[in-house]
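Below is one structure; the comments refer to it alone.
Bear in mind these aren't lab numbers, they're just calculated from the coordinates by the rules spelled out. Small disclaimer: the values here were computed from a predicted structure and weren't measured. Here the Cβ positions follow ideal geometry from the backbone for every residue, glycine too, while neighbour counts run over all protein chains shown.
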């Protein structure tokens, strides 16, 4: 098969309007995909220059003239979706390590309007360093160097300010990046005029991205290439659902011409907390409360959970009846209860996607911290609203406690075990609190309900874990202890079956 290139698949060339730090699949499958879509419909007319920071290898892109394929597969509103798009929005890829002068030269481009990034969750952290290195080490320092070069080339022009949109999965990512850049400007003594230009003419936008984007498995890659009729080493695989919420004003809306009424998946609003809270509680919170139960049943992926008759019922009941009613809404169209419910049904479609191998064990990483961040507020809100125990939540929490039961420790790594298909499966407990639970579980006698309840009360009352005392919620200790006792004595599946009866 021929390689995907512009000679085999001609594509238009547009002026460079966006600088992007990062070459990862999320950027390729969401922002770059959306820019390409807008270009195809004549609504933006701009291309993206990508900066690769991790190494100097850009051959994958160069060999394909910066083209790549996005394969969308899944279920949306009950309908199968299969869409394949060749994305031509990237004009060139520069390696920061060897082409930093070219990156800085781009700062002089008068048509440049937007900077996008997706480094890592710690990539926005402030690192005290000189921005005059070639290149600086941290992403905030690279960005500061670029902005300073921009400032020097345009003479502090208001019209040549930029919109900066980080997409890292960090709350208030725009504000965090701005703070790091301002500190670097001060440390590097870049002057009051630059600081003023930065403050008034460079807009840092908080943003939220929501789309599962992956590299396909080798088998899926071969099948998709056969279907397309060409080789593509950058082939990107994604689900139908996508959302990009950006905190911005009229200036941001005007600059992001690729976001208009034709792209409801891009939301620009002065407050995006509704979308962040909705995703955190409904999607992430459901993952955290359902993963332990699914894994203890011997399931491997989220799709496996949705194919399991009992587990799928549990997921839906938990999400629709206990989480959705507690999500705060703004009472206006698009930010009301109906929007939360519609999002929940979209999430259920996403969970059912048979094309995505979303491993439950991957979701289990730092489960305790996730439980605190994603579910504690939901549990409290449920008690406040309904004056009752959320039964599915209590079962999910009990399963979490059982999942955290380590049977041995090896060089600081803790392992649990479950019975699967007549054998024993050992799994790693990748959680900073694994040692804490390893000690506490030693006080539990599976057939002695009093020891189970004492353990549950001890955990729920620990404010170092939850930043609150969950044992004060009426009946919650008893409900969690009852489910945990049942799983320890009659098994996980029978306990689930009884809970759903």
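Just a few scattered comments:
- Taking the DSSP beta bridges with both ends in the chain, the antiparallel portion is around 45 percent.
- With contacts taken as Cα pairs under 8 Å at a separation of at least 6 residues, the chain carries a relative contact order of 12 percent.
- Centre separation in Å (Cα based) which lies between the stretch 268-333 and the stretch 148-207: 36
- With the simple model of a label 7 Å out from the Cα in the direction of the Cβ, residue 108 to residue 6 spans 2.2 nm.
- Contact order normalised by residue count of the stretch 27-125, Cα under 8 Å, 6+ apart, percent: 30
- Per-residue packing, averaged as other Cβ atoms within 10 Å, sorts the ranges 141-151, 309-319 into the order 141-151, 309-319, beginning with the highest.
- Take the Cα of residue 498, step 7 Å toward its Cβ, do the same at residue 478, and the gap between the two points is 1.6 nm.
- Residues 472, 286 in ascending order of nearby Cβ atoms (within 10 Å, fewest first): 472, 286.
- Principal-axis tilt of helix 337-351 within the chain, Cα atoms, nearest 10 degrees: 90
- For the chain, adding -39500 (n - 2.57) for each run of n ≥ 4 DSSP H residues and dividing by the number of residues yields -13000 deg cm²/dmol at 222 nm.
- Rounded to 5, the percent of DSSP beta bridges in the stretch 273-500 classed as antiparallel: 100
- Looking at the stretch 16-269, the DSSP beta bridges with both ends there are about 35 percent antiparallel.
- Estimated FRET transfer efficiency (residue 341, residue 380; beta-carbon r; R0 22 Å; 0.05): 0.55
- Packing, as the average of other Cβ atoms within 10 Å across residues, places the peptides 256-267, 475-486, 444-455 in the order 475-486, 256-267, 444-455, highest first.
- Per-residue Cβ neighbour rank within 10 angstrom, fewest leading, 33, 14, 68: 14, 33, 68
- Cα centroid of the stretch 64-126 to Cα centroid of the stretch 384-406, whole Å: 41
- Mean Cα-pair separation over length for the stretch 273-500, i.e. relative contact order, pairs under 8 Å, 6 or more apart, %: 23
- Given their separation in residues at 0.36 nm each and the Cα-Cα distance between them, residue 82 and residue 464 gain 132.9 nm when the chain is fully extended.
- The packing ranking of peptides 37-44, 3-10, 201-208, highest mean first, is 201-208, 37-44, 3-10, where packing means the average number of other beta carbon atoms within 10 angstrom of each residue.
- This ranking places 233, 130 by how few other beta-carbon atoms lie within 10 Å of each, fewest first, which gives 130, 233.
- Between 0 and 90°, nearest 10: helix 391-403 axis offset from the chain longest Cα axis: 90
- With respect to the chain, whose longest principal axis is taken over its alpha-carbon atoms, helix 367-386 is tilted by about 70°.
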